[in-house]
1. Return a yes/no flag: does the stretch 217-235 have any residue that is surrounded by 15 or more Cβ atoms within 10 Å (Cβ to Cβ) and farther than 29 Å from residue 31 by Cβ.
2. Of all residues in the stretch 13-36, which are assigned to a loop (DSSP other than H, G, I, E, B), closer than 29 Å to residue 170 by Cα and at pLDDT 90 or above?
3. Any residue in the stretch 217-236 that is at pLDDT below 95 and over 29 Å from residue 34 (Cβ atoms)?
4. Just need a number here: residues in the stretch 161-176 that are in a strand (DSSP E or B) and in contact with a helix residue (DSSP H, G or I) (Cβ under 9 Å, 6 or more places away or on another chain).
5. Which members of the stretch 139-157 meet the condition of being surrounded by fewer than 18 Cβ atoms within 10 Å (Cβ to Cβ) and either at pLDDT below 95 or over 21 Å from residue 114 (Cα atoms) (or both)?
6. I'd like to verify a number: residues in the stretch 92-129 that are under 15 Å from the mean Cα position of the chain (by Cα) and closer than 13 Å to residue 196 by Cα, how many?
7. Counting residues that are out of contact with any helix residue (DSSP H, G or I) (no Cβ under 9 Å at 6 or more places or on another chain), which helices (runs of 4 or more DSSP H) fully inside the stretch 37-146 reach at least 3?
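The values are calculated or read from the model by the stated rules, or taken from the named source; none is laboratory data. Here the structure is a predicted model, which is why all the values come from computation and not from measurement. As a convention, Cβ positions derive from the backbone with ideal geometry for all residues, glycine included, and neighbour counts pool all protein chains shown.
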């Protein structure tokens, strides 16, 4: 069964952000500000990509969506970061309505639209466990009766970490968050054009049955200055520096190296 992931890398969509802008030009200026993009590139390199390279089941596709106005040197840097990852395809799109363009991209990525598929979203500042694809595929296989009766079924891995990354390393806190983007996957029946982007992630349980697993930490939610959700007042999540044992666990579970985080975030 094909597994398709979708990652928006500073794509200037119309809508789709908690922070509003007066025009697409204003949104592009915000998204492409040099300091913001530098932070996103460092998170993409040290947090979002390593866990995908290390997947125990490497049979998946990841579409990285960028805007057609992303400067050429940033496009080149992005392509360099994903070089050697055959699962990754970068697609360039002009600004369009958020949900419409993402649904079109996901449906176009299905190699056989008449066959079922699995879908997930992957933010450029988050990580999933190295067995995320394996467990997503296995969970759906474990529930054949449920899957047979529904056009779509969500899989929610709701245990993970919130973490900050910087020159001093990693500070984190274990969290339980139902229906977070980073821990969520979805089955889609063959011949059906519904996608994981049809639904707000925290509301997906209103529209389909969901399977919840809370047995292991399955995601890392990156906390940083350019989180869309943190541009407005939100309740802070307290984090503490990882112990050496916890740092080793992060590397084993999410392929995130604290030494690499320190090195990349210390670069000038």
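1. Scanning the stretch 217-235 turns up at least one residue that is surrounded by 15 or more Cβ atoms within 10 Å (Cβ to Cβ) and farther than 29 Å from residue 31 by Cβ.
2. Listed by number, the residues that qualify are 32, 33.
3. Scanning the stretch 217-236 turns up at least one residue that is at pLDDT below 95 and over 29 Å from residue 34 (Cβ atoms).
4. The first filter runs over the stretch 161-176 and keeps only residues in a strand (DSSP E or B), leaving 161-166, 169-176.
Remaining after also requiring in contact with a helix residue (DSSP H, G or I) (Cβ under 9 Å, 6 or more places away or on another chain): 161, 163, 165-166, 169-170, 172.
Of the residues in that region, 7 qualify.
5. Listed by number, the list holds a single entry, 142.
6. So the first thing to find is which residues in the stretch 92-129 are under 15 Å from the mean Cα position of the chain (by Cα), and the list is 102, 106, 118-129.
Then keep just the ones that are closer than 13 Å to residue 196 by Cα; that gives 102, 106, 118-122.
Here the count works out to 7.
7. On the way: elements: 50-53, 72-82, 98-108, 132-141.
Correct list: 72-82, 98-108, 132-141.
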